[in-house]
Amino acid sequence: MSSGVVRRAFIAASLSLAACAPKARSQAPIAIPPLKSFAPFPVGTCIQAAQLDDPAFAALVAAQVSQLTPEWELKMEYVLQKDGGYRFDAPDRIAAFCADHGLRFFGHTLVWYYEKPEFFQQRLGEAYRSAFRDAYAAYITAVVGRYKGRICAWDVVNEQITDDGADWRDSLWSQGLGRLEHMRFAYELAHAADPGAVLFLNDYNLESNPKKRGTFMGLAEALLKAGAPLMGLGTQTHVNADLAPGAITAAVKDLASLGLKVRISEMDVSLARVPGLANLRADLQRRQAALFAEAAEALAGLPAHQRFDFTFWGLEDSQSWLRRENAADSPLLFDDAGRPKPAAAAWERALRP
Ligand code: G3I
């Protein structure tokens, strides 16, 4: 029997099992204390300035977390204008909200392969090398310098490893300044602009792809050897609900092996991205809760000086970037009405056994 037939038979069998399962009792509402009140590390979420216009959401954020990361408004795509100027209205607003509510402000991100602004593309090529370097240095110095003393840390370099895990990415930045040099220089500039900020290297799929994790660790070691003031490693932990138990724990343990600070930087657990099994929602929700709990235990299990923060890439499902891909996805701890889900209770139990 072909594997496709076997697979379809498995799914059919599972679906019929699920169909005859007793109707799930309507769940009693879940009540949990604010996330930051019991976590042994700062708890964060990403945010967009306009979300602060909603008083209910602003109150939920201020109550639940102790750190905010601009979801996109401190990236080059927002800050750098076509004429080379900068705009900071949105990140300034988030910084002010953090200051007003005693929250930490986390900078994301300075150097990302994904961004290829025209302003820099026009300065590529041997003849423009110094102009490219000057513009790069001016950007990082201006952006980091603006929040000096008001920001706790930066994702200086983001997603530098290829998806197959084999190598460092080629990017506008590596073309302009060199494979390792563009990164080394970015850390040097960021440290000079704000000596008090903790400087991170951040990437994704480090749980599901051990080869990528190994290449990521190799890059961290290369940066340290080159004298870059790299101080922390972030694993984004955008995972799917069918991720094998133990994968998150292994990733956090490996990241901690260099003795640097470690953060869960962007966690969400997609149900909809699970191939073919999206119908077994109850099972996927159980797996989702277990993965959030595993990540909490993994970070809590590190020495206190290495636990930097645990950031969710959103608090309420309705705000998740994953909803743009599938309106039915529910990857976060709180539902569309801001109510805690079973995953939130599992995360609490993991930290308050
Ligand atoms: O809000 C504007 C809207 O006014 C405008 O009309 C529209 C069209 O230009 O853009 C809207 O802004 C978009 C923003 O998301 C808010 O929805 C930006 O174009 C879009 O680029 C931005 O996407 C963000 C993406 O990174 C790229 O910056 C996502 O929100 C954000 O969740 C995602 O986050 C990344 C992390 O930085 C790195 N790790 C992966 C993670 C998920 O992709």
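The values are calculated or read from the model by the stated rules, or taken from the named source; none is laboratory data. Just so you know, these numbers come straight off a predicted model, no measurement behind them. Heads up, the Cβs are rebuilt from the backbone with ideal geometry, glycines too, and the neighbour counts pull from every protein chain shown. Note: accessible area is taken over every heavy atom of the protein model, side chains too, but ligands, DNA and RNA are not part of it. Shrake-Rupley method; radii C 1.70, N 1.55, O 1.52, S 1.80 Å.
A few remarks follow.
- Nearest-10 value in Å² for the accessible area of residue 32, using the 1.4 Å probe: 30 Å²
- When peptides 137-149, 116-128, 33-45 are ranked by their average number of other Cβ atoms within 10 Å per residue, the highest-first order is 33-45, 137-149, 116-128.
- In order along the range 37-48, the phi-based Karplus estimate (6.51 cos²θ - 1.76 cosθ + 1.60, θ = phi - 60°) of 3J(HN,Hα) comes to 6, 10, 6, x, 6, x, 10, x, 8, 7, 8, 10 Hz; Gly and Pro are listed as x.
- With 10 Å bins from 0: P(r) over the range 299-352, alpha-carbon pairs, percent: 24, 42, 26, 8
- Per DSSP, loop GluC sites (Glu not before Pro) in the range 313-353 with at most 11 further Cβ within 10 Å: 325
- Comparing 248, 223, 206 along the charge dipole axis of the chain, the residue lying farthest to the positive side is 248, per the Cβ-charge model.
- Antiparallel bridge percentage (DSSP; both residues within the chain; nearest 5): 10 percent
- Directionally averaged shadow of the range 126-281, computed from the convex hull of its alpha-carbon atoms, nm²: 10.6 nm²
- Over all orientations, the chain has a Cα convex hull whose mean projected area works out to 19.5 square nanometres.
- Computed accessible area, residue 53, all protein chains, 1.4 angstrom probe, square angstrom: 100 Å²
- Residues of the chain: accessible area per residue with a 1.4 Å probe, Å²: 42 Å²
- Protection proxy ranking for 73-80, 56-63, using the average of other Cβ atoms within 10 Å per residue and placing the highest first: 73-80, 56-63.
- Spatial separation of Cα centroids for the range 144-213 and the range 313-329, in angstrom: 26 Å
- Cα-derived Rg over Rh, computed across the range 38-131 with Rh taken as Kirkwood radius: 1.11
- Here, the range 224-291 is characterised by an Rg to Rh ratio of 1.13, where Rg is the alpha-carbon radius of gyration and Rh the Kirkwood radius.
- Computed in the context of the full set of protein chains, the accessible area of the range 148-295 at 1.4 Å probe radius has 53% of its extent on carbon or sulfur.
- Taken about its Cα centre, the chain carries a charge dipole of roughly 740 debye when the Cβ of each Lys and Arg holds +1 and the Cβ of each Asp and Glu holds -1.
- Exposure rank, largest accessible area first [183, 217, 231; 1.4 Å]: 231, 217, 183
- The value of relative contact order for the range 116-337, using C-alpha pairs under 8 Å at least six residues apart, is 15 percent.
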